Amino acid sequence: MNIKSVCVYCGASFGSDPIYTEAAKAMGRALADRGLRLVYGGGQVGLMGVVADACIDAGGQVTGVIPDFLDKKEIAHPRVQDMHIVTSMHERKLMMADQADAFIAMPGGLGTMEELFEVWTWSQLGRHQKPVALLNMNGYWDKLTAFLDHMRDEGFVEAKHRDMLLSGETPEAALAALEGYEFPGVIASLDRAQT
């Protein structure tokens, strides 16, 4: 898979442990070092601002997408040259997905969870075939991944779609996981409907 841009979902806060800020810095640098364009939510606050700053400082390219109501609150990152102002959160998520070749969810809150699940759902429905990974440093996503295994075991998520959510404990490992990805196909009910 030829990946040129990665959408990073992450918190608009810093979290309770400085390790998350360090991971965001490392992610921004890793993207720039690999020549990958960062696509993100356009903010200058929290981990979002940290990952963008680190990528810019390392000479990387950054694309931000932010809804106008947040731009009016002066949350948009002033150092991001390629900033898109959109009219809604829905438009923001769609543009971010269209701009990216792959996705990584770093530690974050409700917005990060929503973005992760939406883009992963789009993939199982065949709306795109792009890889999705977790940056699972400090065990942040462990309880979520255990619950996802439970969903699979109870028959609500196909094994191939549980497995399509990749993971790495460092930015380098998460980025490496994206490279070998092969799309497993859509959910079985859609396969049956097309035959």
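Tabulated values for the structure
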item	result
Qualifying residue in the range 17-31 (condition: within 14 Å of the chain's Cα centre (by Cα) and among the aromatic types (Phe, Trp, Tyr))	no
Residue list for the range 13-55, filter: assigned to a loop (DSSP other than H, G, I, E, B) and surrounded by 19 or more Cβ atoms within 10 Å (Cβ to Cβ)	GLY15, LEU36, GLY41, GLY42, GLN44
Those residues of the range 145-179 which are under 18 Å from the mean Cα position of the chain (by Cα), farther than 14 Å from ALA23 by Cβ and without any contact (Cβ under 8 Å) to a residue 24 or more places away in the chain, in sequence order	THR145, LEU148, ARG162, ASP163, ALA176
GLU169 vs. criteria at pLDDT 95 or above, charged (D, E, K, R) and on the phi < 0 side of the Ramachandran plot	yes
Residue among LEU110, LEU70, LEU94 that is within 23 Å of LYS143 (Cα to Cα) and either touching a Phe, Trp or Tyr at 6+ places or on another chain (Cβ under 7 Å) or free of Cβ contacts under 8 Å to residues at least 40 places away in the same chain (or both)	LEU110
Residues that are assigned to a loop (DSSP other than H, G, I, E, B) and either crowded, with 22+ Cβ neighbours inside 10 Å or not β-branched (Val, Ile, Thr) (or both), drawn from the range 85-116	SER88, ALA100, ASP101, MET106, PRO107, GLY108, GLY109
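The values are calculated or read from the model by the stated rules, or taken from the named source; none is laboratory data. Here the structure is a predicted model, which is why all the values come from computation and not from measurement. Virtual Cβ from ideal backbone geometry, glycine too; neighbours counted across all protein chains shown.
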